[in-house]
Amino acid sequence: MQSKTSFFNKTLYRQSLRLSLPVGIAMVVTWLLSYTMPLFDDLYGSYNSWKTADELQWMLWNSSEDALQTIPVTGAIFGILLAATLYYYMNTSRSVNMFHALPLRREGLFLTQYAVGVTHIVVTMTITALSVIGLQASSGMICWELIFTWLWMASLSTLFFFSFAIFCMMFAGVTWMGVAYYAIFNAVAATLYSMMQGLQEIFYYGSSFMTLPDWVNWCTPVMQLQSSLNLWWDWTWVGDEPVNLTDYIIYGQYTVGMYGLAAVAFVFASLAVYRRRPSESASDVVAIGWAKPLFRFAMGLCSGLILGFGLYLIVWDNFDTISTDTKLAIAIACMAVVSLIGLVIAEMLMEKTMRIGWRWLKAGGVLTALFVALGLGMHFDVMGIEGYVPDVEDVGSVKVQMYGDTLSPSCTFDDPADIAIILAMHQAIVDDKDRQQDIAFTNDVDGYVFVQLYYYENADDAFALCYRTYAVEYDGAELTDGSLLMNSIQAVLDLPQMQYAGIWQTEDMTDDVGSMELDLYGTNGDYQYTYGMTEGEAETVFAALKQDALAGNLSGMILDPQWQDDGYYNDLSMEVFSEEVYFDGNVEKTATYGTWRHVPLHPAMTYTIEAVESLGAVREYPLVPIG
């Protein structure tokens with residue numbers, strides 16, 4: 001046995017390596033199953049289809065892409081298994097006293113165990129990489145760059161999870177609690193942020209979210225790695241066959257590199273905690289003294305935000321007869337009460353008894369005050385989230401989607417004049433919040449329209465600067481009297497692009513029409529038959545329909561609840577086309593799809609009515625008004 005000045009002990013290394021061998025074997029088998037076995041099946045299984053070298057290379061790239069996707073979850077699982085196995089001795093008084101009695105500094109003990117874990121990772125990845133090289137060599141082609149890229153990405157990712165798991169284990173005096181810490185810390189950022197998003201979406205008028213911010217993704221390693229590790233490649237195609245790899249990108253290298261640096265940081269942090277961890281803390285839920293109040297407070301806070309809000313969603317959220325302010329008060333009460341229960345449970349776990357006294361009340365009072373402050377802040381919109389409307393100069397483009405009874409137009413605007421009209425509508429909706437909530441509570445409405453707004457700082461941005469969705473309800477008098485709210489919505493609908501989009505309902509439609517049909521009725525409203533137009537007739541009616549759209553004659557389809565009742569029995573059906581970009585493997589292609597749109601005819605559609613009435617079939621069966 002080496003002296004206390006040693007930072008590594010060979011005897012302990014061999015002993016720990018032998019004891020952790022089952023985990024090492026499981027690692028090897030799992031990684032072989034995730035990369036080598038699928039590759040073997042692709043190469044020699046009953047469904048293999050490669051015949052040329054180009055097809056073989058294509059298949060090897062597909063197999064490597066699948067292997068990259070397995071890294072985060074597999075690495076996360078074996079990271080905690082290795083940490084729990086190698087640092088198990090800290091969690092019982094007998095074993096920790098025995099290990100700490102060895103003539104070895106704590107740094108040496110820690111680093112020796114860490115070296116065992118690194119050995120398992122290196123051996124596992126090397127065996128897997130060699131098996132892949134052997135399989136690819138047997139096929140006649142070896143993709144060296146892909147194999148070595150997988151090797152260092154998988155090794156570094158697993159090393160990160162192993163280091164992070166050790167850091168979690170340092171704060172636990174029992175193994176199961178260390179595993180719990182690891183699982184919680186891997187998901188707590190995304191979970192808490194999603195809960196706060198849910199609170200805002202329910203209690204902030206119009207507030208909506210599409211994606212998690214980058215910092216939340218980085219604090220959720222499995223999710224960040226899963227979304228980052230990928231391959232993109234481009235090929236020259238002859239017919240449906242790939243013939244030459246022209247370009248490729250391996251995604252996720254920066255992400256894995258950053259987590260590799262984080263692994264180093266966790267090693268030093270874990271060592272710093274371990275040096276000051278008292279031996280007598282074995283079997284304690286929280287092994288570090290200064291972390292106990294943090295554990296107590298975090299247990300209460302997370303219990304309230306996650307479980308308390310979940311309780312509200314399950315029991316009270318669907319009660320439509322309760323006003324929004326009352327629901328907010330109930331939600332805050334649920335979170336405050338459940339947070340107190342979380343505090344009590346945390347105290348019991350730390351004291352290892354159900355007789356805990358009243359020390360937790362101080363933290364309980366602080367948490368209750370925090371939740372009350374949260375409720376008041378949301379009620380009075382202290383952060384200005386609910387009333388936020390961007391300035392024109394801050395918006396590069398805005399996508400508007402409206403959903404009515406008949407049409408659902410979607411259109412993107414980047415002209416400042418058009419954006420100003422949309423912002424005026426947004427402001428009018430925000431100003432009408434109280435009345436909208438009263439209407440929703442009494443359910444006394446004649447019509448509604450859903451409005452979704454996506455604001456982008458730059459026209460080509462992929463992520464929205466601000467996203468809002470509103471259900472605007474109104475009565476018939478507002479349409480005839482012209483309230484500020486309805487006038488602002490009408491102003492957006494009157495924009496030529498919005499009217500034109502009303503025909504297609506989405507922005508990816510081509511300016512073509514295929515088949516077009518018209519339902520014909522007798523004078524008493526009895527259905528007669530569906531008339532299929534000729535190509536020339538369809539183009540004439542389609543052109544007239546676009547004229548109505550540009551003239552602003554279609555907006556009533558969205559706003560006017562009486563539109564269909566004041567229209568005709570006759571419906572116009574037309575086949576329109578959209579272009580959709582898709583990937584065949586990693587090759588970008590474009591496909592054209594046909595879909596049918598149904599447009600009820602109305603006297604306001606003057607150009608369309610004139611074109612339809614010129615059809616011979618309509619002269620035999622004239623359009624029949626409903627009213």
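The values are calculated or read from the model by the stated rules, or taken from the named source; none is laboratory data. Fair warning: this is a prediction, and the values are worked out from it, not measured in the lab. Backbone-built Cβ (ideal geometry, glycine too); neighbour counts: all protein chains shown. Surface areas here come from the heavy atoms of the whole protein model, side chains and all, with no ligands, DNA or RNA. Shrake-Rupley method; radii C 1.70, N 1.55, O 1.52, S 1.80 Å.
Can you work out the FRET efficiency for the pair M348 and A491, with r the C-beta to C-beta distance and R0 = 51 Å, to the nearest 0.05? All intermediate terms of the calculation are to be shown ahead of the outcome.
Details: r = 61 Å, r/R0 = 1.20.
Taking R0 as 51 Å, the efficiency between M348 and A491 is 0.25.
Using a probe radius of 1.4 Å on heavy atoms only, what accessible surface per residue do you get for the chain? Whole Å² is fine. Don't skip to the end; give the middle numbers.
Values: 29350 Å² over 627 residues.
So the chain comes to 47 Å² accessible per residue, rounded to a whole number.
In whole percent, how big is the carbon plus sulfur part of the accessible area of the chain, probe 1.4 Å, protein atoms only? Walk me through the intermediate numbers first.
Values: 17580 of 29350 Å².
Here carbon and sulfur together make up 60 percent of the probe-accessible area.
Just grab the label-to-label distance for D512 and I77, each label 7 Å out from Cα along the Cβ direction, in nm (one decimal).
Result: 4.9 nm between the two label points.
What number, rounded to the nearest 500 deg cm²/dmol, is the helix-based mean residue ellipticity at 222 nm of the chain, given -39500 (n - 2.57) per DSSP H run of at least four residues and division by all its residues?
Numbers: 25 runs with 346 residues, N = 627.
One gets -17500 deg cm²/dmol as the mean residue ellipticity at 222 nm.
Be a star and scan the stretch 140-158 for residues whose amide nitrogen sits under 18 Å from the point 7 Å along the Cα-to-Cβ vector of A265.
Inside the label zone: 156-158.
In nm, what is the difference between 0.36 nm times the number of residues separating S194 and I322 and their Cα-Cα distance?
Details: separation 128, 0.36 × 128 = 46.08 nm, distance 2.40 nm.
That works out to 43.7 nm of additional length.
Could I have the simple spin-label model distance between W290 and I142, label points 7 Å from Cα toward Cβ, reported in nm to one decimal?
It is 5.1 nm.
Determine ³J(HN,Hα), in whole Hz, for all residues of the stretch 213-229 in sequence, where each value follows from phi through the Karplus function 6.51 cos²θ - 1.76 cosθ + 1.60 and θ = phi - 60°; x replaces Gly and Pro.
Per residue, the Karplus-derived 3J(HN,Hα) values read x, 4, 5, 5, 4, 5, 7, 10, x, 4, 5, 5, 5, 4, 7, 9, 6 Hz.
Working out 0.36 nm times the residue gap between I133 and R14, then minus their Cα-Cα distance, what length gain in nm do you get to one decimal? Walk me through the numbers on the way to the answer.
Numbers: separation 119, 0.36 × 119 = 42.84 nm, distance 2.95 nm.
So the chain would gain 39.9 nm between I133 and R14.
On a full-extension model of 0.36 nm per residue, what is the gain between T119 and N458, subtracting their alpha-carbon distance, rounded to one decimal in nm?
Here the answer is 117.2 nm.
Would you mind calculating the relative contact order of the chain from Cα pairs under 8 angstrom and at least 6 residues apart, reporting the percent as a whole number? The partial results should precede the final answer.
On the way: 956 pairs, mean separation 64.3, N = 627.
Computed value for the chain: 10 percent relative contact order.
State the label only: which of (i) 3, 16, 26, 25, 16, 9, 4, 0, 0; (ii) 3, 12, 16, 17, 17, 16, 11, 5, 2, 1, 0; (iii) 3, 10, 14, 16, 16, 15, 12, 8, 5, 2, 0, 0 corresponds to P(r) over Cα pairs in 10 Å bins from 0, in percent computed from the shown model?
(ii)
Run the quick spin-label model on A373 and A187: label points 7 Å from Cα toward the beta carbon, then report their separation in nm to one decimal.
That separation, rounded to one decimal, is 2.9 nm.
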